[in-house]
Structure formats: C-alpha cells, structure tokens
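Trainee: Before I ask anything, let me first share the structure, which is written out below as structure tokens.
The values are calculated or read from the model by the stated rules, or taken from the named source; none is laboratory data. The model shown is predicted, which means the values in this text are computed figures rather than measured ones. Counting neighbours? That spans all protein chains shown, and the Cβs are built from the backbone with ideal geometry, glycine included. Calculation scope for accessible area: heavy atoms of the full protein, side chains included, ligands and nucleic acids excluded. Shrake-Rupley method; radii C 1.70, N 1.55, O 1.52, S 1.80 Å.
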Amino acid sequence: MESAIDKNGMTEAQFLKEYDVSRYFRPSVTVDAVLLRVCGEKGRILLVERGGHPFIGKWAFPGGFVEKDESCETAVVRELCEETGIVGVPLRQAAAVSTPCRDPRWRNITVVFYAEPESDVNAVGGDDAAKAEWFDFSVSADGKRVRLSFDSESASFTETLDAERDAFGDVDINKTKITERGGMAFDHAKIVYYLFDKIKRGIR
C-alpha cells in the first residue's frame, strides 16, 4: 500500500525525516506525589523540605522531572522512592497543572498523582529533599477566601487562597490565587486544596 501524501507532497516517512521539533515551544514536565488523608475539615499530608533552589527550605510534594524514556507513572514512583524511601503505594493520577509561571525556572507542567494511605507511611528525606515529614492540616473557608494551616514536629505555617471554581464545580487551580504565602513551595497549596475538596465531596 502506498503511503498517503500530504498537501506538501510528502509521505509520512519524508515528513518525519524533515520534522523539526525545535520549531515549537517545549515546556518541561514534572510529576508530584501527594499522600494524604482527609477527615472532615482536617487531614494528614506528607511533605518534603526542599534542599535546593528554587524555594529552598520550603515544603513541597515529593516529585521531580520526567526523564527522557519514562512515563509519568514510572517517574512519580521513582521520585517518591528517591525523596522519601516509600515504595509500593498505589498512586492515582489526579490532574495536570499547567498554570503559566507556576515554576520560576521555566514553563513547567506537572502531573499530580495521589494516594490515601490508611496510616502514616514511614518516610526519610533523600535526593533533593532535606527531610520528609507528615503534617496535620486544617482547612477553613469564608466564601472564596480559604485558609490552610499546616503543623508538624518541626514546622508550622499557613497559606491563604482566593479560590475559584470551574464549570464542573471543582477548584480551578489555574484561576485560584495564593494571596498569602507561608512555608509551601510553588503552587502546592492550591493543589492541596484541590485534592482536599474533591476527596471531601467523594470525587476520586
């Protein structure tokens, strides 16, 4: 069977041979692993202290960049193990977060995975993480204003959001704004609230 010809008179083989990927902007892709439990307006969540820039000393989800020959599913398992030592926890994909300027290094899209372990899983900081700790957290909302409070053995901080919802009633991560920063890196406070809200409403 002859290969189809496109409007430029090329076969698919010719098109692929001449294809120039550098013509198009290429954002970075990362993955984040969120381990949390929700009970009412409170919960528990695993965070790691960042050991390097950007946001050095701030708290974030275990995660990192997807390597050349990895799927996102493989990358998130690897990053969770490297930064916390945790293995064998099934992770479910929750969202792709693509807000421009969410990462000061470069345009970065992250794919968020999460798990709801029944109890705290032992975690030890490694690789890019200075330490890993389980935090208690609570959520209070007054209209669009949302306050997230986090507390562990070594750190306590709060994050305040101006929350927006999309056409489906879910928290809109791209339109929600962080109005007061505490100890959390990147846009992870918005992702915490997104997941908390979905789990609380029984959407998984």
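Trainee: Relative contact order for the stretch 9-59: what percent, with Cα pairs under 8 Å and sequence separation of 6 or more?
Mentor: 17 percent
Trainee: Mind pulling up the Rg/Rh value for the stretch 1-139? Radius of gyration and Kirkwood radius, both on Cα.
Mentor: 1.14
Trainee: What number comes out for accessible area per residue over the chain if the probe is 1.4 Å? Units Å², please.
Mentor: Heavy-atom SASA per residue in the chain reads 56 Å².
Trainee: Hey, got the dipole for the stretch 1-97? About the Cα centre, +1 on K and R Cβ, -1 on D and E Cβ, debye to the nearest 20?
Mentor: That gives a dipole near 520 debye.
Trainee: For the stretch 165-190 and the stretch 128-143, what is the separation of their Cα centres, given in Å?
Mentor: 14 Å
Trainee: Another question about this same structure. Order Met184, Met10, most accessible first, counting only protein heavy atoms with a 1.4 angstrom probe.
Mentor: Most to least solvent-accessible, the answer reads Met10, Met184.
Trainee: Taking the chain as a Gaussian network, Cα atoms linked when under 10 Å apart, which of Phe25, Phe15, Phe150 shows the biggest mean-square fluctuation?
Mentor: In the Gaussian network model the winner is Phe15.
Trainee: Rounded to the nearest 10 degrees, what's the angle between the helix 188-200 long axis and the longest principal axis of the chain, both from Cα atoms, 0 to 90?
Mentor: 80 degrees
Trainee: So, one more: How big is the dipole moment of the stretch 112-152 about its Cα centre under a simple scheme where the beta carbon of each Lys and Arg is +1, that of each Asp and Glu is -1, and everything else is neutral? Debye, nearest 20, please.
Mentor: 340 debye
Trainee: Of the DSSP beta bridges with both residues in the chain, give the percent that are antiparallel, rounding to the nearest 5.
Mentor: Rounded to the nearest five, the antiparallel share is 80 percent.
Trainee: Taking a ≥ b ≥ c as the square roots of the Cα gyration tensor eigenvalues, with a/c under 1.5 meaning rounded and otherwise prolate when a/b beats b/c, else oblate, which class fits the stretch 52-134?
Mentor: Oblate, because a/c is 1.5 or more while a/b does not exceed b/c.
Trainee: In the stretch 91-204, how does Rg compare with the Kirkwood Rh, expressed as the Rg/Rh ratio over alpha carbon atoms?
Mentor: 0.94
Trainee: Then there's this: When only C-alpha pairs under 8 Å and at least 6 residues apart count, what is the relative contact order of the chain, in percent?
Mentor: Worked out over the chain, it gives 20 percent.
Trainee: For a distance above 15 Å, tell me the whole-number percent of Cα pairs in the stretch 19-98 that qualify.
Mentor: When all Cα pairs of the stretch 19-98 are counted, 65 percent exceed 15 Å.
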